[in-house]
Every structure is written in C-alpha cells, then in structure tokens.
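Since the structure comes first, as structure tokens, the remarks are kept for the end.
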Amino acid sequence: MFNDSTRLAILDVDGTLYPGALGVELLRALMKGGLCRSDRGEAVFEVLRRYRAREVDFATMSVTAYGLFASALKDCPCSEVERAARDLWAHERSRLFPFASELVKMLKDRGCEPMLISGSPQEMVGLVAGELGVREFRGSLFSRRSGFYTGDVELSSGVLGEKERILAAITRGRNICLRGSMAIGDSLTDSVLLRLVGHPIAFEPDPELLSLALHHGWVVADRDSILDRARALIP
C-alpha cells in the first residue's frame, strides 16, 4: 500500500468528516434495540455530561468512557452489533460533510494516501472508510471471544496519545514523508498527529485545539474553506 516516501493524509472522522460522534450514535442505537445493557450505556452518557460540565478533564473522560462502553458491550453478539452499525450507517451516511468525498479524491489525485484514524468504534469507522474509498483505517477496538464481546478494551483510539501510537504501528518499516503529509482534526486528541506532519489543519477546532493551533501557527479551516486550504497546502 505504501511506497517509498509516501505522503499521508491522516483524517479524523467525528467532528471532521461527520458532524457528530458515530460511537455515541451507535451506543444509542444499541440501547434502543435492546442489544446492550442500558444502565451501562447511560453511564457513558453521564461521563460525557460531566466532561461538558467541566467536572472531569478530557483524559479522565476518555479513559472512563471507553471502559464503560466496553462494559455495555459485554456478552453482546458481535454479529448483532455489526448489523446495528450497518443499519445506523444507512441512515447516517447522508450526514457526512458534503466536502468529504471531494476532499479524499483531491488528496489521492495529489499523491497522498488517505487514512482514517478515529476514536469511534472500528465497526463504524470501517463503514465510513468504505463509503469514501479509503483503504487504511483504525477505530477503537473492543475485545472479542467466540463471537461475543468480552467487556474489555483492546484499543482506545480516542485517548490522548493513542493516535500517534496507531500511526506508528501502521507505518512501521515504511518510508513515510511526514514533512509532506497532512493531518486534519478537530479536537485535542488529534493534536499529536498535527504536530507530526508538515501540513496540519485544525478543522472547526474545539477551544483546546484552537489554542494550540494559534500557538503553533497551524492552518485553521471550516467546512466552507477546507477544500481550498487543503489544495493550497498540497502541491
């Protein structure tokens, strides 16, 4: 997939290509369909509420939320969760930002290899990747055994620092030109990738990422300017 001096375009999903959080929507769908423990699912929403109310910090919220999500999935059949994800995506795919497909095509045409690294579950991120024609993607992973979820977290991709480790694992042994690569994200968890590449874009950033973007001189874009900003950065 990668060749010598490959240039990457590392794209976040939630809040960047999609105006929301696909993992949250999947959890709602599972709870509504009676496919997971509602009390454990509600605990995820409670910790998200506490974060928005500034009662807990981002690091605490993210680690706690993944653990609770895994607990909500415990003993759920993997096939039923995958089916629920497909059904959800059939409704949510129309909510992708209108620029998403054009952005991916433009990046490919300019010699960049698009890659999705998202905090949402792999079950959802894979569907987004298929929609956009992106071959390489990573989302959060919840452990499985004999066709059922175990209640454990295998990869918490939205935790601070994890996206850098994911990128390192994907590209290990490859000659990647990070100076010529692009990363686009909207939140603090994306900052580790924006620091690594030569062409970082903070997309409609949350306050923490906006502060970093202004400090480092990163390009800031919104849904109306993202295509022009990306074209200007990638020759």
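The values are calculated or read from the model by the stated rules, or taken from the named source; none is laboratory data. The model shown is predicted, which means the values in this text are computed figures rather than measured ones. Ideal geometry is used to build each Cβ from the backbone, glycine not excepted, and the neighbour counts take in all protein chains shown.
How many residues does the stretch 194-208 contain that are touching a Leu at 6+ places or on another chain (Cβ under 7 Å), at pLDDT 95 or above and closer than 24 Å to ARG52 by Cβ?
Total meeting the criteria: 1.
Condition check ((1) over 16 Å from PHE58 (Cβ atoms); (2) among the small types (Gly, Ala, Ser); (3) surrounded by fewer than 16 Cβ atoms within 10 Å (Cβ to Cβ)) across all residues:
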| position | (1), (2), (3) |
| --- | --- |
| ARG165 | yes, no, yes |
| THR171 | yes, no, no |
| GLY185 | no, yes, no |
| THR189 | no, no, no |
| PRO200 | yes, no, no |
| ALA213 | yes, yes, no |
| ALA221 | yes, yes, no |
| ARG231 | yes, no, yes |
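Suppose we filter the stretch 72-86 for residues that are touching a Gly at 6+ places or on another chain (Cβ under 9 Å) and surrounded by fewer than 19 Cβ atoms within 10 Å (Cβ to Cβ); how many remain?
6
Of the residues that make up the stretch 23-41, is at least one surrounded by fewer than 18 Cβ atoms within 10 Å (Cβ to Cβ), of a type in the set (Asp, Glu) and free of Cβ contacts under 8 Å to residues at least 40 places away in the same chain?
Taking every residue of the stretch 23-41 in turn, at least one turns out to be surrounded by fewer than 18 Cβ atoms within 10 Å (Cβ to Cβ), of a type in the set (Asp, Glu) and free of Cβ contacts under 8 Å to residues at least 40 places away in the same chain.
Under the condition of being touching a strand residue (DSSP E or B) at 6+ places or on another chain (Cβ under 8 Å), assigned to a helix (DSSP H, G or I) and touching a residue at least 40 places away in the same chain (Cβ under 8 Å), which residue from the stretch 172-197 is nearest to LEU227 (Cα to Cα)?
The selected residue is GLY180.
Table: residues versus (1) at pLDDT 95 or above; (2) loosely packed, with under 13 Cβ neighbours inside 10 Å; (3) over 22 Å from SER156 (Cα atoms).
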| residue | (1), (2), (3) |
| --- | --- |
| PHE99 | yes, no, yes |
| GLU102 | yes, no, yes |
| ASP109 | yes, yes, yes |
| CYS112 | yes, no, yes |
| MET115 | yes, no, no |
| SER120 | yes, no, no |
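Assuming THR64 fulfils every condition listed in (1) closer than 24 Å to GLU208 by Cβ; (2) free of Cβ contacts under 8 Å to residues at least 40 places away in the same chain; (3) surrounded by fewer than 17 Cβ atoms within 10 Å (Cβ to Cβ); (4) not basic (Lys, Arg) apart from one, which condition is it?
Answer for THR64: the failing condition is (3).
Is it the case that the stretch 56-63 has a residue that's under 21 Å from PRO19 (Cα atoms) and over 19 Å from the mean Cα position of the chain (by Cα)?
No, because not a single residue in the stretch 56-63 is under 21 Å from PRO19 (Cα atoms) and over 19 Å from the mean Cα position of the chain (by Cα).
Conditions: (1) more than 22 Å from ILE117 (Cβ to Cβ); (2) exposed (fewer than 13 other Cβ atoms within 10 Å of the Cβ). ARG50 meets all but one. Number of the miss?
(2)
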